[in-house]
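Everything on this sheet refers to the single structure shown next.
The values are calculated or read from the model by the stated rules, or taken from the named source; none is laboratory data. Nothing here was measured: the structure is a model prediction, and the numbers come from that model. Please note: Cβ atoms are built from the backbone with ideal geometry, for glycine as well, and neighbour counts cover all protein chains shown.
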Amino acid sequence: GTAGPILSVNAAIMARDVTKAFGQGETALKALDNVSCEIRTGEFFTLLGPSGCGKTTLLRLIAGFEMPTAGQILIDGQDVTGQPPNRRAVNTVFQSYALFPHLSVAENVGFGLKMQGRPRAEIAATVREMLALVKLEALAGRRTGQLSGGQQQRVALARALAPRPKVLLLDEPLSALDLKLRKEMQVELKRLQTETGITFVFVTHDQEEALTMSDRIAVMSAGKIQQIGVPREIYTAPVNRFVADFIGETNFIPATAVPGGAKLADGTVLPAEGEGSLLIIRPEQLRLLPAAADGALPATVESVVYFGTDTHVHLALEDGTKLTARVPSPADGHSGHAPGQRIGLGFAPGAARLIR
Ligand code: ATP
């Protein structure tokens, strides 16, 4: 019989125990440290993490621009570790777009197909289809040097999609755009992925972008994958302090695990899932109640910051632990809270979670 692990039927890409070191000996830096992950066919998969965590390195290993120091890359079940980029069924969209400024939009989009020696009529038809997909038909004849950032971004996408790769690798493709255009392109990109069914591997350091666009997210830090999950899992059930802190805002309260929950410094026991000695709770899951409310944790308001849609109330527990509550702002904008006020703190059911 054959040795080795059995591959999932629908894995488009697998990284298996991948390590990538730059430099030699003492000064070697492990950009990736024994990373394994499986990206499924047709999914929008995001590599998320702070600058320097190894996201781009993993993407470049999948593309074939870098070779791993150890481990394997598999595409559609085939070991492609030693193969050059042009032998892999993946295409890359870079942050810089890398368009040819002296060529027209249509020529840029058709470039890869022309290199493959496809018939002229087929190229023309595909270019038309791709330009319709990214809504750029009207600009087909324009030189790309004369386009806005958002338009260039679309041309780069259309060009990468034209050869119909099985997998599209995208390295922070929206980071050069201003906030409004970036939000529009997030919606467009997600639509394109759904319509084409192409597997997307998307790199970003923006947690909101990752949460809103992805089917699944791999959260990375210091060359390691910390957690892989659907956006809701990553946000509501982070596996460790790094993930809880990096994704959204979190309150941390020292606690000890007791049967059925977590015991705080003052002896209060809250229902909580998970294991460990740190209780995490999101600011929007805290409830501000009257000081005398039944079962509420005594707290003092330290400051109140108005954010428009909601108001952030900074609080201190009796042992000095600092927390932030986020409450919807009332119609007149006045939350009714003020520094020095004594209140009771309540917790939404299921909101508290223990981590290590
Ligand atoms: P960013 O969001 O800033 O692009 P990243 O998560 O994509 O960060 P990588 O570009 O993968 O991070 O880099 C991971 C680590 O490897 C960094 O410490 C980086 O300095 C280092 N590194 C990357 N490429 C090389 C290289 N060619 N030579 C030496 N070190 C490198």
Residue pairs within 7 Å by beta carbon, gap of at least six or interchain, first lying in segment 151-173 and closer than 22 Å to Leu139 by Cβ and among the small types (Gly, Ala, Ser), second part of a helix (DSSP H, G or I) and modelled with pLDDT under 85, listed first then second, are Ala158/Leu133
_I'd like to check something: does segment 312-321 contain any residue that is within 33 Å of the chain's Cα centre (by Cα) and on the phi > 0 side of the Ramachandran plot?_
no
Inset, instruction - Kindly indicate whether any position in segment 184-200 is of a type outside the set (Ser, Thr, Tyr), modelled with pLDDT of 95 or more and either closer than 22 Å to Val90 by Cα or within 13 Å of the ligand (Cβ to nearest atom) (or both). - result: yes
Restricting segment 322-346 to residues that are more than 17 Å from Asp310 (Cα to Cα) and among the charged types (D, E, K, R), the one nearest to the chain's Cα centre (by Cα) turns out to be Lys322
Scanning segment 60-82 residue by residue, those without any contact (Cβ under 8 Å) to a residue 24 or more places away in the chain and either surrounded by 18 or more Cβ atoms within 10 Å (Cβ to Cβ) or more than 21 Å from Phe200 (Cβ to Cβ) (or both) turn out to be Arg60, Met67, Asp79, Val80, Thr81, Gly82
Q | Condition met for Phe252 (crowded, with 20+ Cβ neighbours inside 10 Å, more than 16 Å from the ligand (Cβ to nearest atom) and not in a helix (DSSP H, G or I)) | A | no
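Quick check, is Thr69 in the same structural domain as Met213 (by TED's automatic domain parsing), touching a strand residue (DSSP E or B) at 6+ places or on another chain (Cβ under 8 Å) and not small (Gly, Ala, Ser)?
Working: in the same structural domain as Met213 (by TED's automatic domain parsing): yes; touching a strand residue (DSSP E or B) at 6+ places or on another chain (Cβ under 8 Å): yes; not small (Gly, Ala, Ser): yes.
Yes: the conditions hold for Thr69.
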Residue within segment 71-92 that is within 12 Å of the ligand (Cβ to nearest atom) and at pLDDT below 95 present
no
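Checking the condition surrounded by fewer than 20 Cβ atoms within 10 Å (Cβ to Cβ), of a type in the set (Asp, Glu) and within 16 Å of the ligand (Cβ to nearest atom), which residue from Glu233, Glu208 passes?
Working: Glu233 fails: within 16 Å of the ligand (Cβ to nearest atom).
Answer to the selection: Glu208.
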Picked from segment 119-136 (must be charged (D, E, K, R) and in contact with a helix residue (DSSP H, G or I) (Cβ under 8 Å, 6 or more places away or on another chain)), the residue surrounded by the most Cβ atoms within 10 Å (Cβ to Cβ) is Arg128
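Looking at Ser51, is it modelled with pLDDT under 95 and not assigned by TED's automatic domain parsing to the domain that holds Ala11?
Working: modelled with pLDDT under 95: yes; not assigned by TED's automatic domain parsing to the domain that holds Ala11: no.
Criteria not met by Ser51.
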In segment 31-56, anything near the ligand (Cβ under 10 Å from one of its atoms) and closer than 22 Å to Asp79 by Cβ is listed as Ala31, Leu32, Leu47, Gly54
